[in-house]
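Colleague: If you scroll down you'll find the structure; I have some questions about it.
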C-alpha cells in the first residue's frame, strides 16, 4: 500500500495545520464581499429614475413615455402639439402595441432653436413570448416649443399613424 501526503505550504505546515483564525478571516472576507455585491445589485435595480425638468425637451419626452407606460392616455396626449393632440385619439393609443416590462433610456438630445430631437432607447427587461429574444428599438422624438413648453410632434412612438385605420 502506498501512502502519499500533501506537500507543506510555504510556512512548513500543511493546510490542515494552519491556525483556524486565518481560515475564518478568509471566509469572513469572502462572505462580506458577496453581501456587498448583492447589496449593490439590489440598489441598482430598485433605484428610481431621475425625474427630468418637465420644461426641457427630454423632460417632456420622459413625461410622455411614462404616461404611455402607465396607460394614462389623456396625460400622454397633453404632451403632443395642439394639432397632433386633436388628430390622435385615445383609441389610437389603446390600439398601439406595447411590450411588457419596457425600459427607456435617454440617449441623446439635439436642440435646434425652438425645435429638438430626443433619442430614446427602449428595450424589454424580460424575454417576450413565444419565441424569446429581447425587443429593442431606438425612437427619435421630434419636439417644438409652443410658448413656454415643449410639445411632441410628428409621428411619435407608439402611435405612428394617428387618425388612421
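The values are calculated or read from the model by the stated rules, or taken from the named source; none is laboratory data. What you see is a predicted model; the values in this text were computed from it and never measured. Quick reminder, even Gly has a Cβ in these numbers, built from the backbone with ideal geometry, and neighbours come from all protein chains shown.
Colleague: What are the pairs with Cβ atoms under 6 angstrom where one residue, in the range 100-117, is touching a residue at least 12 places away in the same chain (Cβ under 8 Å) and the other, located anywhere, is in a strand (DSSP E or B) and surrounded by fewer than 12 Cβ atoms within 10 Å (Cβ to Cβ)? Sequence gap at least six, or different chains.
Modeller: So the pair list comes out as 117/110.
Colleague: Then there's this: Considering 145, 151, 121, which residue is over 16 Å from residue 60 (Cβ atoms) and modelled with pLDDT of 90 or more? Can you show your working first?
Modeller: Numbers: 145 fails: over 16 Å from residue 60 (Cβ atoms); 151 fails: over 16 Å from residue 60 (Cβ atoms).
Exactly one of 145, 151, 121 is over 16 Å from residue 60 (Cβ atoms) and modelled with pLDDT of 90 or more, namely 121.
Colleague: Just the residues that are in contact with a strand residue (DSSP E or B) (Cβ under 8 Å, 6 or more places away or on another chain) and surrounded by 15 or more Cβ atoms within 10 Å (Cβ to Cβ), please, taken from the range 70-103.
Modeller: Those that are in contact with a strand residue (DSSP E or B) (Cβ under 8 Å, 6 or more places away or on another chain) and surrounded by 15 or more Cβ atoms within 10 Å (Cβ to Cβ): 79, 80, 81, 84, 88, 99, 102.
Colleague: Next question. Kindly state which helices (runs of 4 or more DSSP H) lie completely within the range 32-114 and contain at least 1 residues that are modelled with pLDDT of 95 or more.
Modeller: 57-69, 73-77
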